[in-house]
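Worksheet for the structure shown next.
Computed from the coordinates by the stated procedures, all read-outs in this text should not be read as laboratory data. The shown structure was predicted, so the numbers you read here are calculated from the model rather than taken from an experiment. Heads up, the Cβs are rebuilt from the backbone with ideal geometry, glycines too, and the neighbour counts pull from every protein chain shown.
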Amino acid sequence: MTEATLINPLDTLVDQFPSGWVKKDERPGYSGFIVEREHLLEFARTMRDDFGFDYLSMVTASDYLAEGKFDVVYYAYKTIGGPALIFKVQVPREDAVVPSLVALYPGADFQEREVWDLMGIRFEGHPDLRRILMWEGFEGHPLRKDWKEPFYEEDVKPYKSRWPEGKPVNADDRNPFNDNVQYPTGFDPERWVPEAETLLYSGLQRTTHNEEFKTDELIVNMGPQHPSTHGVFRMVVSLQGEKIVDLKPVMGYLHRNHEKIAERNTFLQNMPFTDRLDYTTSMSNNFAYALAVEKLMGLQVPERADYIRVLMAELTRIMNHFFATGFLLNDLGVYFTASLYAIEERELILDIFEEISGSRMMCNYFRFGGVVRDVSDEVLKKIHNLVYDRIPRKLDQFDAYLTNNEILRTRCEGVGVLTADQAIALSTAGPILRASGVPYDVRRADPYSIYDRLEFDVITGNHGDIYDRYLVRVAEIKESIKIVKQLLRDIPSGPILAGKPAYQVRVPAGESYGRVEGPKGEMGFYIVSNGKPNPERYHVRAPTFINLTSLAPMSRGEKVADVVVILGAIDIVLGEVDR
Amino acid sequence: MLSNWLYIGIFMVVSLFLPAAAIFIAGLLAPKKPNAIKNATYECGMETVGDSWIQFKAQYYVFALVFLVFDIETVFLFPWAVAYNQMTLFGVLEAIVFILILLGALIYAWRKGALEWH
Amino acid sequence: MDAGMIWEWIIKSIFLILFMTGGFAYVTLLERRVLARMQVRIGPNRVGKFGLLQPIADAVKLIFKEELIPAGADKLMFIVAPVITVIPALIITGVIPWGTSINLFGREIALSIANVNVGVLYIMAVTSISVYGITLAGWSSNNKYAMFGGLRSTAQMISYELALGLSLVGPILLAGSMNVMDIVQAQKTLPFALLQPAGFIVYFMATLAEINRAPFDMPEAEQELTAGYHTEYSSMKFALFFMAEYIKMIAVAMIGSTMFLGGFQGPFVDQLPWLGPVYLFGKVIVWLFVDIWIRATLPRIRYDKLMALGWKVMYPIALLNVFITGILVVLTTKR
């Protein structure tokens, strides 16, 4: 890597590839580069090895039906910080094949499977290109613009009135169930045998037998109905004794095609919809979505609103980390005591959310250009009390009872280790990445809102094991307290919303990606607008979904009891994983 | 003395009634509507793959072997402890040597790696 | 020995069994209430005053639940396993003296089922039987989680059993008898817990493993094995496992109190023999409370770590404890 490429690589990038297969994306409102698919691997390798874009954050695709092509969009970053490298591959709809980047960026694994599943773009060279959110045998690719769901009404909301002239009309009568139901050819629902399972089971690694006794391997399903998978999540585990040989996560049980629904919604209708992703951190989800849309609209957020936003995002982080550590302890087998104590403070934070937004969990508090309601001085006083008194006291309790607990340490130290290189390659984000010793925090790497004025440290661990993830979370609560204290000190008065509140916002055509450092990792929204009231493309970079890529590498060779803890330390929320 | 064992025998027979009665009463009162899905083996909602009765790799089998040896040796300590007060000093010393041998064996097994999890 | 004697013992047996069953029911309530208090909750308080009728409601509910036997299970073993588990749990208590004897209806009634000369050996033998029940339950269910649970229980047994046995050698050495009554009488002045602190602690930890209580509840580790060996059990058969676990919990608390805390000994027991059961009861309650407290506090240990703990820490300590006790007894009592 030369110094020149380090300083300002992107402006001269096209010159680096003189043969002309890298072009700037010059559509209005778009940015980044368009790479010919034959050269994608070469380009990505150059970017990773020579330019230092070692972290492939997001892979997605959007369907341009009118132009008859798909854009496969990649967002790559440097883990030392800085803006994104956006590159795209355009493929015709009838020949939707793109080379897979899994060999270069293992973290692309699940995301490419998702694109294949929902968009129907094949990734050549992907080691395990099965559907991921839909079931094997599902007909069609639901995110394609020409795919219609069984109860399809119209392309976009608002739908036609359901009570025209005061008479209610049953939506089912307008759209009988059979209209859009698609079955694969030759499919008979009565005689269907799930074959996908055999595909899944046969994909598991086996041990080679070179031991004294010949023993058999056992394939066990942990989940979907399992007490400690944090929802309907399934891990297919092959075991040699109690040791894990291989593990395959299976998800999608909670899949509702969030993105398709969101593309039918208007821009503002999606704001409460983002709450439903990771229902424990709705404020952060709002934040990322608001940023993405504001970038497109070119809105400047008033200062007070920015302060309130960051305040809420940090309270969400505190709340989430309490939740995560508490339930990590549950996964370790403490009978609920630790988790119930941990969520005591969470309740108080939820009280504050309720007071300002009217809802404890589904806050729907952010608007494009600000927030919806002002925060009263009383609430600020309550927050003041929380961060100066209650939460520090709770953290002291954590330190006293948990941090040096013998059993906790023997169970967590050296378990589920992810080295820094692995963590980057697998595109993990948030506390997992930082516990592996990578000081990558979007708040610092690519500051948004007012984070560049705030003083806080990026916490990193040294060993990348579960214990470090625990320590990182606890320390991040401390940093968040620090931030909240600064915010309370400096919060200005003034308007909380740029412009007038509006139900319908005008979003100019173009693409944008808004990302925040959510409690669970980088939470991002990729939005494409075509100037109409509804987003053309709406994609969520769900941190826990991508973090799950690291579950199998972390679990191999560990014991059964550890898998649950490893999963708990990833801190997943199925609402977000399955979308 | 023997009568004491008789009492324990009585106790055992009487205590057999508790589980028997419990299962019997439940058998009378509990509803019985079995079906194939209800009686399927539970595996978190998925159909089980493969057999559960397999050649399981019990990583602790070396422990089990060591355990057998030590357990039998430990039992010897019980009569010794009872007769302790009637023993001569020689008997005491002998037992102490026995304990030392046990300790030595434990250390040997430890050093040999028998107490590690494979 | 006459028929009257036999009847006396039958009645005593029934009384003890009912007592243990009732004890089981109310220990579950105690556990739920105490856990709730420790977890800033309230716990069951709706059925009866302080939730006192809750156990009865639970029992009624369990009786009316459908009994399922999985299609792939070994039926006979599946039914026998809970019985094998519950009976040893009950009959351990047979050798525990509740007091010397009391006068009732003109008869001198000994406050124990039996006073056998190898009581401690009996306890050791019987306690290890119930692991068969658990292993069989796990195996016969033909369920993977259950099988893991069953196998783990064996693994667990071989890791703490030695230490458990050795920890009881100390009291035997001090009392010079394996008769439980003699051991209690020997603690008239000083409970053995003070003379045998290492043995006492080893006993306490080993019994936690013995009764599959947290932090050693590997065979039923909810987090990974859903419910472990009793995953497939329902209705009364499940209740029997549950019962076995709690009765055993009471039983080891009774044994522990007897061997290390002076059993029914306490002030004025000689004058008022009925105080004996009261003292024992009090000690058992405290013991159970500590068990519950530990469950509310500690994470589960992983089972290879438990094996390491059992073999590399507890067993050597127990062995050294016997060794040192032996030498000290020689120095203090031998001519």
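Computed values, structure above
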| read-out | value |
| --- | --- |
| Rough spin-label spacing in nm, given labels placed 7 Å along Cα→Cβ, for A:ARG506 and A:ARG453 | 3.0 |
| Residue order, fewest to most surrounding Cβ atoms within 10 angstrom, among A:HIS141, A:HIS258, A:HIS539 | A:HIS141, A:HIS258, A:HIS539 |
| Cross-link reach list, aspartates and glutamates versus C:LYS248, counting only Cα pairs under 17 Å and skipping chain neighbours closer than eight places | C:GLU31, C:GLU161, C:GLU210, C:ASP217, C:GLU220, C:ASP291 |
| Net charge dipole size for chain B [Lys, Arg +1 and Asp, Glu -1 on Cβ; Debye, nearest 20] | 340 |
| Kyte-Doolittle at least 0.0, axis length at least 24 Å by Cα - qualifying DSSP helices, chain C | C:3-38, C:75-91, C:119-140, C:144-175, C:235-260, C:275-297, C:315-333 |
| Residues of the range C:258-284 with amide N under 15 Å of a point placed 7 Å along Cα→Cβ from C:LEU194 | C:260-263, C:265-267 |
| Under 11 Å, Cβ to Cβ, from C:ALA146 - net charge with Lys/Arg +1 and Asp/Glu -1 | -1 |
| Size of electric dipole in the range A:284-385: Cβ of Lys, Arg +1 and of Asp, Glu -1, about Cα centre, debye, nearest 20 | 280 |
| The range A:507-515 - phi-based ³J(HN,Hα) in whole Hz, Karplus 6.51/-1.76/1.60, Gly and Pro as x | 10, x, 5, x, 10, 7, 9, x, 9 |
| Over 37 Å [Cα-Cα, the protein assembly as shown], rounded percent | 58 |
| Separation of alpha-carbon centers, the range C:134-184 and the range A:129-167, rounded to whole Å | 60 |
| Tensor-based shape of chain A (alpha-carbon gyration tensor, a/c under 1.5 rounded, otherwise prolate or oblate) | rounded |
| Where N is the number of residues in the range A:3-124, Cα Rg divided by 2.2 N^0.38 Å | 1.02 |
| Sum of -39500 (n - 2.57) over DSSP H runs of 4+, divided by residues of chain C (222 nm, nearest 500) | -22000 deg cm²/dmol |
| Rounded, prolate or oblate (a/c below 1.5 giving rounded, otherwise prolate when a/b exceeds b/c) for chain B by Cα gyration tensor | oblate |
| Residues A:LYS559, C:LYS75 arranged by fewest to most Cβ contacts within 10 Å | C:LYS75, A:LYS559 |
| Cα-projected label distance for A:ASN170 with B:TRP5, points at 7 Å along beta-carbon direction, nm | 7.9 |
| Length-normalised contact order of chain C in % [C-alpha pairs under 8 Å, at least 6 apart] | 23 |
| Percentage relative contact order, chain A, counting C-alpha pairs under 8 Å, at least six apart | 17 |
| Scattering profile of chain C at q = 0.08, 0.10, 0.15 Å⁻¹ [log10 I(q)/I(0), Debye over alpha-carbon scatterers] | -0.40, -0.62, -1.34 |
| Listed residues C:ALA81, C:ASN45, C:TRP311: farthest to the positive end of the dipole of chain C (Cβ charges) | C:ASN45 |
| Whole-Hz couplings from phi, Karplus 6.51/-1.76/1.60, listed for the range A:120-132; x for Gly and Pro | x, 9, 7, 10, 6, x, 6, x, 8, 7, 9, 5, 10 |
| Range of Cα positions in the range A:268-343 per principal axis (Å), largest first | 50, 24, 14 |
| Amide N of the range A:118-138 lying under 18 Å from the label point, which is placed 7 angstrom from the Cα of A:ASP146 along Cα→Cβ | A:118-122 |
| Least to most buried among A:SER376, A:SER31, C:SER140 (fewest other Cβ within 10 Å first) | A:SER376, A:SER31, C:SER140 |
| Percent antiparallel among DSSP beta bridges (both partners in chain A, rounded to 5) | 90 |
| Distance-filtered residues of the range A:150-186 - backbone nitrogen under 19 Å, label point 7 angstrom along A:LEU65 Cα→Cβ | A:150-160, A:175-176, A:179-183 |
| Net charge over other residues, Cβ less than 11 angstrom from the Cβ of A:TYR105 (K, R count +1; D, E count -1) | -1 |
| Per-pair calculated FRET efficiency, R0 = 25 Å: A:GLN300 and A:ASN530 via Cβ, rounded to 0.05 | 0.60 |
| DSSP beta bridges in the range A:3-124 [antiparallel fraction, %, rounded to 5] | 75 |
| Antiparallel content of DSSP bridges confined to the protein assembly as shown, in %, to 5 | 90 |
| Proximal lysines relative to A:LYS532, as straight alpha-carbon distance under 21 Å, when same-chain residues fewer than 8 apart are discounted | A:LYS69, A:LYS145, A:LYS148, A:LYS157, A:LYS160, A:LYS260, A:LYS295, A:LYS500 |
| Other-chain or far-sequence residues with amide H under 5 Å of C:VAL269's (modelled H) | none |
| Assigned charges on the beta-carbon of Lys, Arg, Asp, Glu; the protein assembly as shown dipole about Cα centre (debye) | 2380 |
| Under the Debye formula (equal points on every Cα, no solvent term), log10 I(q)/I(0) of the range B:72-118 at q = 0.16 Å⁻¹ | -0.53 |
| Inter-site label distance for C:ALA71 and A:PHE138 at 7 Å from Cα along Cβ, in nm | 2.9 |
| Mean separation of Cα contacts under 8 Å (6+ apart) over length of the range C:141-273, as relative contact order % | 38 |
| Chain B: angle of helix B:2-29 to the longest principal axis, Cα-based, in degrees nearest 10 | 20 |
| Relative intensity, log₁₀ I(q)/I(0), of the range A:258-574 from a Debye sum that treats every alpha carbon as a point, q = 0.07, 0.10 Å⁻¹ | -0.27, -0.54 |
| Span-like helix ranges in chain A, DSSP H, alpha carbon extent 20 angstrom or more, Kyte mean at least 1.0 | none |
| Principal-axis tilt of helix B:61-82 within chain B, Cα atoms, nearest 10 degrees | 60 |
